1. Would you mind putting 126-135, 15-24, 107-116 in packing order, based on average other-beta-carbon counts within 10 Å, highest first?
2. Could you give the accessible area per residue of the chain, probe 1.4 Å, as a whole number in Å²?
3. Modelled label-to-label distance, VAL93 and LEU269, 7 Å Cα→beta-carbon offset: nm?
4. If each of SER137 and MET5 carries a label point 7 Å out from its Cα toward its Cβ, how far apart are those two points in nm?
5. Efficiency by 1/(1 + (r/R0)^6): what FRET value for ARG82 and ALA234, r their Cβ-Cβ distance, R0 = 30 Å, to the nearest 0.05?
6. Can you send over the carbon and sulfur percentage of the accessible area for the chain, probe radius 1.4 Å, protein chains only?
7. Would you calculate, for the chain, the mean residue ellipticity at 222 nm contributed by helices, counting each DSSP H stretch of 4 or more residues as -39,500 (n - 2.57) and dividing by all residues, to the nearest 500?
8. From the square roots a ≥ b ≥ c of the eigenvalues of the alpha-carbon gyration tensor of the range 103-219, which class results: rounded (a/c under 1.5), prolate (a/b over b/c), or oblate?
Amino acid sequence: MLQTMLLTIIAIPLVFGVAIAFLARQLPGARGVILALLVPVCAAAVFIILEGFPALPPVRALHKLPYVLVMGGLVLAVASWRLRIQSAVISGVATLTALGLPVWWIGKNILASNQQKLIVTAALVAIAAAGGIWFASKRKAETGVQNPVLPQAVFATSLATSLVAILGGYMGMAMFNGALTALLGGYLLVIYIAHLRGDRTAFALGHVSGFAFAWVAYMGLLTTAMLAPVASSAALIATGLTLGLLPLSAHTSRLPNVPAGLRPILFGLLAAVPAIAGILIAGVQFSG
């Protein structure tokens, strides 16, 4: 049993993440499309490994998630290939749509009958949309490069969501988010090695590919918020702020006099402060 869990939650997702990173680095001309497609699709594959192939049409709310991830990956791959969003307002609307529609499809029955879950979910979507507007207004459109601490922030979001889900009594989403953390960890491992070897843009992501990373982690967070029986509302919102406040971490990534090898780790820890706060909040609330 333990070996099976280690294989499905850690080993296989880790290999997926390493493979995605290697493929993206081997094909730099198609890097954006590869990441935008494979991160959501591999997340769906991880779900299927853990939960089995869902019925079509899906019956349970949870079983709608892999279909959302696959469809999102296809849409984002096309968007990465053809779309260049320059407007902050359009970025916010796109974020709102990309999260709001699947959230309503997955959890409309739960949200219609549970006011607290509706409020928390709506707050998380609003945080993401506001973060999308803020980030788009700050970035330099001519560079086409996302915040270099985005991968670390996404990793922290998934890890915190997994721990909050455990404390919230939902092992299904705890395992999925834990596996997603392993997948992101595999990706981070490859790009950190590339960074140590002198590639100072290894952590940078394009506009749409960066959105794909954040969207997958945020869908895991939102699904946990909707389906976990007793997950801490404050912990979920604090975790959501990890990506919502990401523009602040852009300033920390420019701090001087930090050794190159430590920069991704240090700035990743700074970006992860809200996620760490979410873990602590959940731990305190459920410790009694």
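The values are calculated or read from the model by the stated rules, or taken from the named source; none is laboratory data. Worth saying up front: this structure is predicted, and the values here are computed from it rather than measured. FYI the Cβ positions are ideal-geometry reconstructions off the backbone, even for glycines, and counts take in every protein chain you see. We work out accessible area using only protein heavy atoms, side chains counted, and drop any ligands, DNA or RNA first. Shrake-Rupley method; radii C 1.70, N 1.55, O 1.52, S 1.80 Å.
1. Numbers: 126-135: 20.9, 15-24: 19.3, 107-116: 13.0.
Descending mean neighbour count gives 126-135, 15-24, 107-116.
2. Using a 1.4 Å probe on heavy atoms only, each residue of the chain averages 45 Å².
3. 4.2
4. A separation of 4.5 nm, rounded to one decimal place.
5. On the way: r = 40 Å, r/R0 = 1.33.
In this case the efficiency is close to 0.15.
6. Numbers: 9430 of 12990 Å².
In the chain, the share of accessible area belonging to carbon and sulfur is 73 percent.
7. -25000 deg cm²/dmol
8. Oblate shape, in that a/c is at least 1.5 and b/c is the bigger or equal ratio.
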